[in-house]
Amino acid sequence: MADLGSAKSTASIINKYGFSFQKRFGQNFLIDEHVLDKIVDAALIGKEDGVIEIGPGIGTMTQRLCEAASKVVAIEIDKELIPILSETMSGYDNVKIINADVMKTDLDKLIRDEFSGMSVKVVANLPYYITTPIVMSLLENHLPVESITIMVQKEVAQRMQAGPGTKDYGALSLAVQYYADTYIAANVPPNCFMPRPKVGSGVIRLTVRKEAEVEVTDEKLMFSLIRAAFNQRRKTLVNAVTNFSGLDYSKEDIEKALAELDISEKIRGEALSLQQFADLSNILT
Ligand code: SAM
């Protein structure tokens, strides 16, 4: 049975090992059982599933993941946590701890080697400094994972889920929503962590789409248009795209394409939906 998840049990294990928190690794450990249960529930883990956990810390969530899944592989960068994990995970025979930087780990190979024949889900209370790179690399590389359930900064969760015309809508919203359906499962205040972070957090589940929601001939072009649009989000789309150094279109090219789509030439990129960005890039291809 999981025996971590409170301030008392966390303090007791880190004192026993003389562990000191590393800011550079974004170490804020969860100390709230209710939140831990919420994350594991939101991940919809079945008894046959494989789970990759990024950053197990002292193993608080790892214990619960082992109870829900068939197998868990947890990747932890901080070698000081490895002896702690050996103790806290000793009661579980379905876990493998890897001491590595997830950003330098070949996750495709790991999935093939460790989870043959299983559905794989990623679950993590992510260090905030790698949130966007890790999420985008999982999605863009089309790794065979069903879902990614992560604790991120509250604002980042809101940006991932935001729609056109809202202040949070941006390149991250479109990039995430191109690959996945989003669901915010919880808002988590700073007092649920040790040490307390300065910002609020949120749990978001990204369910990876099996088939693309929009048809795009040239993904690279669509994402360049999106980057251009949000690089200068207060400008009209026509100006933002023609000013953008990575793209070589004239005002007339963009105005003509917008007219074909029945969209005003005065529109700003922040008002365009994913479908409209896809349509625009298909015309400009
Ligand atoms: N899962 C634990 C919990 O919820 O209490 C710890 C979460 S803490 C926010 C982030 C964890 O990720 C830390 O244990 C940290 O050492 C680890 N970490 C940071 N950067 C990492 C990286 N690049 N690769 C793997 N683990 C990393």
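The values are calculated or read from the model by the stated rules, or taken from the named source; none is laboratory data. Owing to the predicted nature of the structure, the values given are computational and were not obtained by experimental measurement. All Cβ positions, glycine included, derive from the backbone under ideal geometry; neighbour counts span all protein chains shown.
Tabulated data
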item	result
Pair list, Cβ under 8 Å, 6 or more apart: the stretch 9-38 residue closer than 14 Å to GLU80 by Cα and at pLDDT 95 or above, other residue among the acidic types (Asp, Glu) and more than 10 Å from the ligand (Cβ to nearest atom)	ILE13/GLU87
Residue within the stretch 179-199 that is assigned to a helix (DSSP H, G or I) and closer than 28 Å to ARG234 by Cα present	yes
Enumeration of residues in the stretch 50-66 that are more than 10 Å from the ligand (Cβ to nearest atom) and either acidic (Asp, Glu) or in contact with a strand residue (DSSP E or B) (Cβ under 8 Å, 6 or more places away or on another chain) (or both)	GLY50, VAL51, ILE52, CYS66
In the stretch 11-32, the residues that are surrounded by 14 or more Cβ atoms within 10 Å (Cβ to Cβ) and in contact with a helix residue (DSSP H, G or I) (Cβ under 7 Å, 6 or more places away or on another chain)	ILE13, PHE19, GLY26, PHE29, LEU30, ILE31, ASP32
Some residue of the stretch 248-260 being in a loop (DSSP other than H, G, I, E, B) and surrounded by fewer than 15 Cβ atoms within 10 Å (Cβ to Cβ)	yes
For GLU48: the one exception among (1) without any contact (Cβ under 8 Å) to a residue 40 or more places away in the chain; (2) exposed (fewer than 15 other Cβ atoms within 10 Å of the Cβ)	(1)
For ILE148: the one exception among (1) within 12 Å of the chain's Cα centre (by Cα); (2) more than 16 Å from the ligand (Cβ to nearest atom); (3) not aromatic (Phe, Trp, Tyr); (4) not in a helix (DSSP H, G or I)	(2)
Residue that is farthest from the ligand (Cβ to nearest atom), among those in the stretch 102-145 that are without any contact (Cβ under 8 Å) to a residue 24 or more places away in the chain and charged (D, E, K, R)	ARG112
Count - residues of the stretch 17-35 that are of a type in the set (A, V, I, L, M, F, W, C), closer than 15 Å to GLY202 by Cβ and within 8 Å of the ligand (Cβ to nearest atom)	1
Of all residues making up the stretch 212-234, the number that are more than 15 Å from LYS167 (Cα to Cα) and either more than 21 Å from the chain's Cα centre (by Cα) or surrounded by 16 or more Cβ atoms within 10 Å (Cβ to Cβ) (or both)	13
Boolean, SER245 is at pLDDT 95 or above and either surrounded by fewer than 16 Cβ atoms within 10 Å (Cβ to Cβ) or over 30 Å from GLN22 (Cβ atoms) (or both)	no
Matching option when the condition is touching a residue at least 12 places away in the same chain (Cβ under 8 Å) and outside any helix (DSSP H, G or I), among LEU221, LEU206, LEU225	LEU206
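Listed here are the residues, each with its yes/no results for (1) touching a Ser or Thr at 6+ places or on another chain (Cβ under 8 Å); (2) farther than 24 Å from GLY46 by Cβ; (3) not assigned by TED's automatic domain parsing to the domain that holds GLU48.
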| position | (1), (2), (3) |
| --- | --- |
| LYS154 | yes, yes, no |
| THR166 | no, yes, no |
| ALA171 | no, yes, no |
| TYR183 | yes, no, no |
